[in-house]
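Throughout, read-outs are computed from the coordinates displayed, never taken from laboratory work. Quantities reported herein were computed from a predicted structural model and do not represent experimental measurements. Note that each Cβ is placed from the backbone with ideal geometry, even for glycine, and that neighbours are counted across all protein chains shown.
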Amino acid sequence: MMPDLGKYADAVLSSYAVSIVLIVALVALSIRRARKVKAYLAEIEERQKNV
């Protein structure tokens, strides 16, 4: 059930679409960065064990 947005429907729906895309992109980038940092920290810890 979508409310009647009248002449602003295109603007409102495109704003929702852009917002959703940006949120998904930010989450994906955050997860990617977290994995890189986790791998980097694991590498550092492994080097410290060998010292």
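Which whole number of Å³ per residue matches the convex hull of the alpha-carbon atoms in the chain?
Values: hull volume 2.9 nm³, N = 51.
Normalising the Cα hull of the chain by residue number yields 56 Å³.
Can you check what the net charge comes to around residue 41, using other residues whose Cβ is under 12 Å from the Cβ of residue 41 (Lys, Arg +1; Asp, Glu -1)?
Details: positive: 35, 36, 38, 47; negative: 43, 45, 46.
Residues near residue 41 contribute +1 overall.
So how strong a dipole does the chain carry about its Cα centre when Lys and Arg Cβ are +1 and Asp and Glu Cβ are -1, to the nearest 20 debye? Write out the running numbers ahead of the final one.
Numbers: 8 positive and 5 negative charges, 67 e Å.
That gives a dipole near 320 debye.
Set Lys and Arg Cβ to +1 and Asp and Glu Cβ to -1, take the dipole of the chain about its Cα centre, and tell me which of 25, 50, 15 lies farthest positive.
The listed residue farthest towards the positive side: 50.
Angle, helix 9-49 long axis vs. longest principal axis of the chain, Cα atoms, 0 to 90°, nearest 10?
Taking Cα atoms only, the helix is inclined about 0 degrees.
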